[in-house]
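What follows is one structure encoded as structure tokens, with my remarks underneath.
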Amino acid sequence: MTVASDAISGSETPNDGWSQSASAWIDGLGSHGDWSRAHVLDRPMLRRVALHPYRHAIDIGCGEGRFCRLLNETGIRTTGIDPTHALIDRARVLDPGGDYRVGRAEALEFGDASFDLAIFYLSLIDIPDLQSAIAEAHRILKPGGSLLIANLQSFNTAGDPAGWVRDAEGVERFYIDHYLDERSQWINWSGIRIRNWHRPLGVYMQTLLQSGFALCGFEEPEPDGGDPVRAARYRRAPGFLIMEWQKISTAGRATSANTAIS
Ligand SMILES: C[S@@+](CC[C@H](N)C(=O)[O-])C[C@H]1O[C@@H](n2cnc3c(N)ncnc32)[C@H](O)[C@@H]1O
């Protein structure tokens with residue numbers, strides 16, 4: 001994987017590479033998901049979903065709809081939204097009875113309190129306006145509803161553009177730098193070239209706390225199989241975290257405990 005960094009600026013073009021990368025993304029995911037989904041994230045995400053009797057979920061940044069299909073199989077009616085037309089087209093082909101719509105996280109077409117579960121499955125890093133996306137997730141959730149997030153670890157998105165590199169002794173290392181600097185970066189792998197956002201973990205936490213969510217679950221899931229070399233590397237520099245948040249108050253009302261001290 002190679003990475004090129006940019007500072008965030010208000011005049012950025014909305015092109016994030018997803019339209020051009022959609023077919024390579026679909027090929028890479030396959031029918032069971034890539035290694036990260038199949039061996040790290042799917043099982044703990046579905047375990048968390050099974051803890052509550054959800055009826056209607058929204059998967060924000062659903063891609064080609066794989067996690068929507070998994071949720072539909074559990075009996076939870078799931079709506080998938082994504083701005084990439086080619087991915088939504090593919091989701092409709094794979095699940096003709098499903099509800100897939102073109103849309104952006106920052107401006108959802110649904111009324112207030114429409115869902116009891118909202119999901120960002122590896123999509124927050126792709127969304128330019130985090131504040132609006134979280135505010136919208138809060139708005140469309142019922143009071144007490146859950147927000148389930150699988151995200152890249154922030155120290156991972158602050159990783160050296162070269163990825164794993166060998167030190168002078170020949171030992172592979174994963175270096176991070178400029179952790180506190182929010183930035184977007186172009187990432188290339190397997191025919192995919194997309195723009196991601198690096199944000200420190202504190203930015204995610206403060207945004208969620210100040211938007212009227214309370215944290216009720218946190219996991220750093222471990223790999224449960226697949227390529228052993230990949231699993232060993234993952235244990236040294238884990239890629240993902242899972243957070244479960246509950247809607248507790250009106251959007252924009254932060255409690256003093258949730259307000260950053262400056
Ligand atoms: C890494 S993919 C994850 C897709 C899917 N959740 C999965 O796990 O297979 C990130 C997705 O975020 C979508 N995305 C990009 N910008 C977005 C936005 N502003 N609002 C919602 N989704 C967005 C992309 O089109 C892409 O499908």
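The values are calculated or read from the model by the stated rules, or taken from the named source; none is laboratory data. Only a predicted model underlies this, so the values are computations on that prediction, with no experimental measurement involved. Positions of Cβ are generated from backbone atoms using ideal geometry, with glycine treated the same way; all protein chains shown enter the neighbour counts. Surface accessibility is based on the protein's heavy atoms, side chains included, excluding ligands, DNA and RNA. Shrake-Rupley method; radii C 1.70, N 1.55, O 1.52, S 1.80 Å.
The condition of being aliphatic (A, V, I, L, M), buried (at least 17 other Cβ atoms within 10 Å of the Cβ) and on the phi > 0 side of the Ramachandran plot does not hold for Leu87.
Taking the conditions exactly as written (touching a Ser or Thr at 6+ places or on another chain (Cβ under 8 Å), open to solvent by 40 Å² or more (accessible area, probe 1.4 Å) and of a type in the set (Ser, Thr, Tyr)), does Ser19 satisfy them or not? When the stated conditions are applied, Ser19 passes them. I'd like the full set of residues that are in a helix (DSSP H, G or I), closer than 25 Å to Pro53 by Cβ and within 13 Å of the ligand (Cβ to nearest atom), limited to the stretch 97-139. Once the filter is applied, which keeps residues that are in a helix (DSSP H, G or I), closer than 25 Å to Pro53 by Cβ and within 13 Å of the ligand (Cβ to nearest atom), the stretch 97-139 yields Ile134, Glu136, Ala137. Does the stretch 122-152 hold any residues that are under 21 Å from Trp18 (Cα atoms) and touching a Gly at 6+ places or on another chain (Cβ under 7 Å), and which are they? Ser123, Asp126, Ile127, Leu152, listed by residue number.
Suppose the filter is more than 14 Å from the ligand (Cβ to nearest atom), over 13 Å from the mean Cα position of the chain (by Cα), surrounded by fewer than 24 Cβ atoms within 10 Å (Cβ to Cβ) and outside any strand (DSSP E or B); does Gly144 pass it? So Gly144 fails the test. For the stretch 147-164, residues that are assigned to a strand (DSSP E or B) and open to solvent by 40 Å² or more (accessible area, probe 1.4 Å) total 4.
Pairs linking a residue in the stretch 117-128 that is more than 17 Å from Ser146 (Cα to Cα) and open to solvent by 20 Å² or more (accessible area, probe 1.4 Å) to a residue that is within 8 Å of the ligand (Cβ to nearest atom) and among the acidic types (Asp, Glu), with Cβ atoms under 7 Å and 6 or more positions apart or on different chains, are Asp126/Asp16. The combined condition, being of a type in the set (Asp, Glu), out of contact with any Cys (no Cβ under 7 Å at 6 or more places or on another chain) and surrounded by fewer than 20 Cβ atoms within 10 Å (Cβ to Cβ), is not fulfilled by Glu136.
Being within 20 Å of Leu241 (Cα to Cα), among the basic types (Lys, Arg), over 14 Å from the mean Cα position of the chain (by Cα) and open to solvent by 10 Å² or more (accessible area, probe 1.4 Å) is a condition met by at least one residue of the stretch 45-59.
Listed here are the residues, each with its yes/no results for (1) part of a loop (DSSP other than H, G, I, E, B); (2) at negative phi; (3) open to solvent by less than 60 Å² (accessible area, probe 1.4 Å).
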site	(1), (2), (3)
Asn196	no, yes, yes
Tyr204	no, yes, yes
Ala214	no, yes, yes
Gly226	yes, no, yes
Arg235	no, yes, no
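The residues in the stretch 22-35 that are within 9 Å of the ligand (Cβ to nearest atom) and in contact (Cβ under 8 Å) with a residue 40 or more places away in the chain can be counted, and the count is 2.
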